[in-house]
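The values are calculated or read from the model by the stated rules, or taken from the named source; none is laboratory data. This one's a predicted model, so the numbers in the text were calculated from it and none came from an experiment. FYI the Cβ positions are ideal-geometry reconstructions off the backbone, even for glycines, and counts take in every protein chain you see. When the accessible area is computed, the model is the full protein with side chains, heavy atoms only, and any ligands, DNA or RNA have been set aside. Shrake-Rupley method; radii C 1.70, N 1.55, O 1.52, S 1.80 Å.
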Amino acid sequence: MRNRFKFMAPFTQKKETLFLIIFALGIVLIPLFVKNKYYFMVMNIVGLNTIVVIGLNLLIGFTGQISLGHAAFYGMGAYLSAIFTTTYGFPPWPTIALAMIITGMVAYFVGYPSLKLKGHYLVMATLGFSIIVHIFMVELDQITGGPSGFPGIPHLSIGKLVFHDDLKNFYLIWTFAFLCILVSLNLVNSRVGRALKAIHGSEVAANTLGIDTDKYKAKVFVLSAIFASLAGSLYAHYITFISPRSFDFYYSIQVVTMVIVGGMGSVWGAFFGAGLLTVLSEILHVTEKFNIIIYGAILTLVLVFLPEGMVVGFYSFYRRRKVKTLIEKEGN
Amino acid sequence: MLNIDLINTYYGQIHALKDLSLHIEKEEIVALIGSNGAGKSTLLNTISGITPPRTGSIRFNGVEISRISPEKIVSQRIVQVPEGRQLFSPLTVLENLELGAFLRFSGESRKNIEKDLHYVMELFPILKERREQKAGTLSGGEQQMLSIGRGIMGRPMLMLLDEPSLGLAPLIVTEIFNVIRKLQEDKTTILLVEQNAKAALRIADRAYVIETGRITLKGEAKVLMENEEVKKAYLGKDYREKRRQI
Amino acid sequence: MGFYEQILQFVLTGLTIGAIYALVALGFNIIHNATGIVNFVQCEFVTLGGMMMYTYYSLLGIPLILSFFLSMTTIILLGALIERGPIRVARSKAIIVLVFITIGLSSTIRGTALLAWGPDNVPLPSFSGENVIRILGAAILPQHLWIFGITIGVVIFLQYFFHRTLIGKAMRATAVNRKAASLMGISVNRMVLLSFAMSGGIGAVGGMIIAPITTTSYDTGIMLALKGFSAAILGGYGNNAGAIAGGLILGVLESLGAGLISSKFKNAFAFLILLLVLFFKPTGLLGYGESERV
Amino acid sequence: MGISEVILKVDHVRKFFGGVAALNDVSFEVNRNEITAIIGPNGAGKTTLINLITGIYPPTSGKIVFERKTISRLKPFHIAYQGITRTFQNIQVFHNMTVLENVMVGLHTQTESEFLNCLLHLPKVKREERQVAEEGASLLRFFHLESKSDWLSSSLPYGEQKRLEIARALAGKPKLLLLDEPVAGLNIRETEEMAELILKIKKMGITIILVEHDMNLVMGISDKITVLNYGQKISGGTPEEVQKDPKVIQAYLGEE
Amino acid sequence: MKRGLLIILVLGFCMFSSGVSYGAEPIKIGAIFSLTGPGAHIGVAQRNSVLIAIDEFNKKGGVGGRPVEMVVGDDESDPTKAVMALRKMVETQPIVALIGPTRTDTGMAMIPTLEKEGIPTFMHAGGDVIITPVRKWIFKSPYRAADAMERIALYLKKHNLTKVGFLHASDGFGKDGAAIVDRLAAKHGFEVVAKETFDMKDVDMTAQLTRINARGPRAIIIWTIGPPMGITTKNARALGITVPLFQCHGGAEPIFFRLAGDAAEGVMMPSTKIVVADKLPDTDVQKKKLVDYIKEYETRFKDVPGTMVAYGADAAYLLLEAIKQAGPDRAKIRDALEGMKGYVGLSGIYNLSPEDHTGTTAKDIALVKAEKGRFILVE
């Protein structure tokens, strides 16, 4: 009997609506209690990471395809925004959309052949791609400013409202993060979302049920790249300075870790992972050199003992206990 | 020699062997027959320690072996010749044979092993010719011979043969069954799993018929050969009665 | 220096660095063949090889040769420890989970190395002096000869090990067919343990022989290992002859590219090759078509 | 039953894997609204045949015609849209999804919302979702799985997973359903239930191809049987004909 | 934070025991370095250098009895983290000025915040982009790369070496140098016959050097910091290149000898005088300050200070001097810095002005040569 009740579905849609409301309230209410700009900056970085991680989670957690190249898409969003607005004077908002389109197209050309590969071949293809993009950021210094970075990116604005401080950017970034969570939840609980999960479950079976697996994988890859691009653009306009160092291989590993730690295949897990690890790395700041060790140890331990991720892992642990007590009650 | 007592084995969620018991005496050939999916290979893998039973006991010469690892079971001299040959195809014929004697290299003199190598080469002269060839390049029959030869190299007291005739031309099947008989003469006990029931029953001393994880019939091979139930186990009873009811 | 001497110089230096890529690629292969995973800790094997050698030789004053073997042993033990610990304990045996466990371990070990040795690069003396040797107008150092020599030594050793010793054959057998191997009485766990230990040893050797030329630090292994991986893919992942060919080809192409075309995109080049191979011929130059196996 | 109409035609199909013939020149026909069983000893090529029909891989030569349309070069998802779905020998239910969701995936070909619509959750999607959920629930009722619709499918017992897989395949409203060993691993009672279920599905007007080792089942419910051995068709006909065919007896029991 | 706390405690204890300014509230200055990540090998030394300067300052009585306290942050060599570390510092500590960061990119990332908040900052970063154009609140202590290279150019001119090969890293510092060398070539009449680049993580630059060498340069300038200095030097020697070899003004560090080994012999580089302090004539105004500082550094950190330490210390000395003059007021400190004239630092005589936020010139720079494991003054 123990095995039969392994666990039930983690979340129901009703709960998700509740979470969304709490989440939105949180965004509105937090500024009433927090005044420290540094905390806002941390939360803003959490927000940006959340956007990237949610997109990546659609790819990794739901569809089961691993990418170690999302730093490249994040960076492309940032650099395209920076270059078009600062060097060529394009208006920022259309530029962000343009960056998303260009990044999406590049993702398609990389993704389509890559996604035919399985397992670690895909990992290495995306990793290789992101290293190449990084080298271009460094070497095309006429355009990108090279390794010294790209300064003087304008803040975003809507009419007279300029998003020039941490608080205003907090609202901006978290509004986008909220929208990303919302559309991701929509997607997950839909025909397409089910198709993606089916691909994760069994690609062959999904295919025989009428799901064009190659197309769906490529599309979700593109979608996740577009999310990353959006986050990158917001980052560039928020910090107003970018350099290749922010978009290297380590960033890719970092966001994948957030997906894994938070829990694969759960939109809220992605948010949790991004929040936990960003804040954690800020707290670990004081430990200086231990930072990297602890980061690695968390990834290792979570994977060794809770391969479903922390949110899903603990949740299913809780459910298992609950189900067990239910069975015991019935038994009596 | 081998005593299996009320074992239950699960294959994932499938309850593959249900309260199954059987026994094998020294130096006999026991055939285990039944259709596909009846649980024959699972039983061999359970004996070999690859899919250990959840309950029940397996005793070999009085020693409980149902909870020990596959390599320990091999060191007890129980060797399985798996279904579908499972050769190390990029390795040469000679290397495959050597690996059959893997555990013996640490405890025995090389001379003994060499002697068995000659024995195998005598049994299957074709292997001698092809000793430096990669196993993957052999024909189906040669591969089956190599697989059995590799098993012999483990110097088994009990040899578990899983479908040695599968996919082979009749002439080669005859040759292989002759070798099995020869092995028995050389004092190897054999548990033979076969779908080719007639061939198996011809050389076996005793036989068990297995159906959906249970032993449904057992007895002297000669007796079973005449039993109509055996035929039904393969080709099915008439279900028409049932159908009309629906 | 004339044009042909330049070419020769590029080829020679390319072969040197290619030899290191080949060693790293071999390390990747051994573990891949035994377990099917990409072991990111390979980066740290290379790093730690150099750093342990520095510790034994420069800090503790142990003689060079002894230091060499001591470091190798240390990393071999580390490799075994990694298998015996997290990899074996892991609740999920899904390949991708194991791969990410090695990523986590890699970063933990790198952090520990930073803590132990600090961020600075440290030097190692050449094994036998630094007098330039001229070959047809191209210049190389004695250390380059050591690199060639030791790489060839390792390759010969591996060839011997895998084809002449029982354990080596058993490892190959396990790579081909785990179930059959355990039916022969071969302990699969022990073979996997051995494969981690061996690639640790090989990675360490790579790290030690390149260190006198490049100096070494807590994170030198990353780039070397990633390019070593590209080399493995180029040659055909899992194929040892391919790893050696892939390493040497990559090293020479990189060197020629940097020398004759432009040094700007030299590193992009290695990864471009990786992408092209993955897209158009994922089995690599000499692969067995094992990409299907995953 | 009247004159039977051919729904699927397998025409001189060959499939080689690296020089080895898994199927060699196999031809047979399947009549509409009949149960056609494919039997044969291990390694006879039965599953290969199913994989060819559902497009998992293309035949080396020959062709497969479904309702007058050649499908032998189509991808699996195209074939699903033609009205052919299947189950698998080793169950392939989506373990990461609930029971209901599994069936809802089965309705993929019956719905059409794509990425953009789904992201925005347009009213059309809402309507479709409601409809899909209802259809899914009614299918689960049919398969007696409704009480477990919120369970993760991996938590179901084996027999129910088998049923779920068939439910999922049926959700695509197939004209032809291929069942690969539907009773393997089931006990006798479950096997009998499955037999009833298969006959019920047939009554719904669905043609069935059945690959099965359980001869009791095969002989009991099939209308036609095709027997394969070594990748070749060695016999075919009604169960009674096949049961008596000496070539079949020899293939199964060995030579006299 | 623990470390910061420890420093506060230790400092507090020192003050208590020496009886100086008991109870006086410390003036806080922020300090952000790359203590981890790729810039760490410089960042750690710089933190040490600043510690000495501050302790020395406090021992002399601080600002009218108030001690100065350093609040340390780590930017992990990452621009985002740098801004976060700064933001945190600004929000949680009443800092009057900032020292650091170590790298050019982290520095650039921090500039918008620093300018907006109005925090006088003395950076340690090498890149000239930081002070070009001159920014109101930003100063930098290392020599301008252009000045350092000019020092090399003067040598080239004097010895009539007109063909130069240039090899540089592909990071910000290296690329900066690549632009400067072209300007100087025009100014001083030499020709750049070859220009090659490498990645900071590369382990072999033989191909690039072979290419340069094939063009027949009379001298080769290598523009990079850190491990590649050793590798390039070794590669060049291994190729049998005998023309004068120059490294940049960040190279005169004890580690250079360890990295380059025997190949170091004869390599020249612009440097602060800290590496040749004992060989300076007694008339040199910097000599006493240098010798004292070296002694203190060696006893405290058991390490020989290199040229980076001098840059780090000067930033602290200048800032502390400005705080002493102006008191704990950001705007006043900035004005005081800009008015600093003739300040004798470890790296040279600083003359800061509204047009010049570095304050040193090519004249302050020594050209040194590696010889038998030490640096000697070339001329």
Residue check: is B:GLU114 open to solvent by 10 Å² or more (accessible area, probe 1.4 Å) and of a type outside the set (Gly, Ala, Ser)? yes
Give the residue that is nearest to the other protein chains (Cβ to nearest Cβ), with candidates limited to residues of the stretch D:163-190 that are open to solvent by 10 Å² or more (accessible area, probe 1.4 Å) and touching an Asp or Glu at 6+ places or on another chain (Cβ under 8 Å). D:ALA184
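Among the residues of the stretch C:133-160, which ones are without any contact (Cβ under 8 Å) to a residue 24 or more places away in the chain and within 29 Å of B:GLN86 (Cβ to Cβ)? Steps first, please.
Keep residues of the stretch C:133-160 that are without any contact (Cβ under 8 Å) to a residue 24 or more places away in the chain, which gives C:133-134, C:142, C:145, C:149, C:152-153, C:156-157, C:159-160.
Scanning the stretch C:133-160 gives C:GLN159, C:TYR160.
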Taking only the stretch D:105-119 into account, find how many residues are in a helix (DSSP H, G or I) and within 7 Å of chain A (Cβ to nearest Cβ). 7
Failed condition for E:PRO228, given (1) part of a helix (DSSP H, G or I); (2) open to solvent by less than 30 Å² (accessible area, probe 1.4 Å); (3) within 27 Å of E:LYS273 (Cβ to Cβ); (4) touching a helix residue (DSSP H, G or I) at 6+ places or on another chain (Cβ under 7 Å), with all others met? (4)
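Filter the stretch B:1-19 down to the residues that are within 14 Å of another protein chain (Cβ to nearest Cβ) and open to solvent by less than 10 Å² (accessible area, probe 1.4 Å), then identify the one that is nearest to B:VAL74 (Cα to Cα).
Residue satisfying both the conditions and the ranking: B:THR9.
Collect the residues in the stretch E:88-107 that are β-branched (Val, Ile, Thr) and either assigned to a strand (DSSP E or B) or not assigned by TED's automatic domain parsing to the domain that holds E:MET70 (or both), keeping them in residue-number order.
Restricting attention to the stretch E:88-107, the residues satisfying the condition of being β-branched (Val, Ile, Thr) are E:90, E:92, E:95-96, E:99, E:102, E:104, E:106.
Within the stretch E:88-107, E:ILE95, E:VAL96, E:ILE99 meet the criteria.
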Pull up the stretch B:129-146, narrow it to residues that are over 23 Å from D:ASN229 (Cα atoms) and buried (at least 21 other Cβ atoms within 10 Å of the Cβ), then point me to the one that is nearest to the other protein chains (Cβ to nearest Cβ). B:ALA135
I need a count of the residues in the stretch C:234-259 that are within 13 Å of the chain's Cα centre (by Cα) and among the hydrophobic types (A, V, I, L, M, F, W, C). 3
Identify, please: which residue in the stretch D:202-233 is without any contact (Cβ under 8 Å) to a residue 40 or more places away in the chain and not polar (S, T, N, Q) and is, among those, nearest to D:GLY185 (Cα to Cα)? D:ASP214
Flag for C:TYR218 being touching a residue at least 12 places away in the same chain (Cβ under 8 Å), within 10 Å of chain E (Cβ to nearest Cβ) and at negative phi: yes
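Please report, ordered by residue number, the helices (runs of 4 or more DSSP H) entirely within the stretch B:32-115 with at least 1 residues that are under 24 Å from B:HIS15 (Cα atoms) and within 11 Å of chain C (Cβ to nearest Cβ). Quick ask: steps written out before the conclusion?
On the way: elements: B:40-48, B:70-75, B:93-100, B:104-107.
Qualifying helices (runs of 4 or more DSSP H): B:40-48, B:70-75.
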So which pairs qualify, if the first residue must be in the stretch B:152-178 and aromatic (Phe, Trp, Tyr), the second must be crowded, with 20+ Cβ neighbours inside 10 Å, the Cβ gap must be under 7 Å, and the two must be at least 6 apart or on different chains? B:PHE177/B:ALA199
Test: E:LEU98 is more than 14 Å from chain C (Cβ to nearest Cβ) and open to solvent by 20 Å² or more (accessible area, probe 1.4 Å): no
When restricted to D:ASN96, D:ASN102, D:ASN117, the only residue touching a Lys or Arg at 6+ places or on another chain (Cβ under 6 Å), surrounded by 18 or more Cβ atoms within 10 Å (Cβ to Cβ) and at pLDDT below 90 is D:ASN96
Among (1) surrounded by fewer than 23 Cβ atoms within 10 Å (Cβ to Cβ); (2) outside the structural domain of E:ASP55 (by TED's automatic domain parsing), the one test that E:ALA366 misses: (1)
Of residues in the stretch C:98-132 being crowded, with 20+ Cβ neighbours inside 10 Å and without any contact (Cβ under 8 Å) to a residue 24 or more places away in the chain, the one farthest from C:GLN42 (Cα to Cα): C:GLY111
Within the stretch B:119-128, identify whether any single residue is open to solvent by less than 50 Å² (accessible area, probe 1.4 Å) and within 9 Å of another protein chain (Cβ to nearest Cβ), and answer yes or no. no
Name the residues in the stretch E:112-135 that are over 25 Å from E:TRP223 (Cα atoms) and either open to solvent by less than 10 Å² (accessible area, probe 1.4 Å) or of a type outside the set (Val, Ile, Thr) (or both), would you? E:PRO112, E:LEU114, E:GLU115, E:LYS116, E:GLU117, E:GLY118, E:ILE119, E:PRO120, E:THR121, E:ARG135
Go over the candidates C:LEU286, C:LEU193 one by one and state the one that is within 14 Å of chain B (Cβ to nearest Cβ), in contact (Cβ under 8 Å) with a residue 24 or more places away in the chain and part of a loop (DSSP other than H, G, I, E, B). C:LEU286
Looking at E:ASP202, E:ASP176, which one is closer than 27 Å to E:VAL44 by Cα, in contact with a Phe, Trp or Tyr (Cβ under 9 Å, 6 or more places away or on another chain) and not basic (Lys, Arg)? E:ASP176
Return the total of residues in the stretch D:29-66 being more than 12 Å from D:VAL211 (Cα to Cα), touching a strand residue (DSSP E or B) at 6+ places or on another chain (Cβ under 8 Å) and open to solvent by 10 Å² or more (accessible area, probe 1.4 Å). 11
Could you check the stretch C:76-97 and list, in sequence order, the residues that are within 7 Å of another protein chain (Cβ to nearest Cβ), without any contact (Cβ under 8 Å) to a residue 60 or more places away in the chain and assigned to a helix (DSSP H, G or I)? C:PRO86, C:VAL89, C:ILE96, C:VAL97
Count of the stretch D:13-28 residues which are among the β-branched types (Val, Ile, Thr) and surrounded by fewer than 20 Cβ atoms within 10 Å (Cβ to Cβ): 1
In the set E:ALA109, E:ALA82, which member is crowded, with 22+ Cβ neighbours inside 10 Å, within 14 Å of chain A (Cβ to nearest Cβ), touching a Phe, Trp or Tyr at 6+ places or on another chain (Cβ under 8 Å) and within 18 Å of A:ALA236 (Cβ to Cβ)? E:ALA109
Would you mention how many residues in the stretch C:1-29 are surrounded by 24 or more Cβ atoms within 10 Å (Cβ to Cβ), facing chain E (nearest Cβ under 10 Å) and over 17 Å from E:ASP202 (Cα atoms)? 1
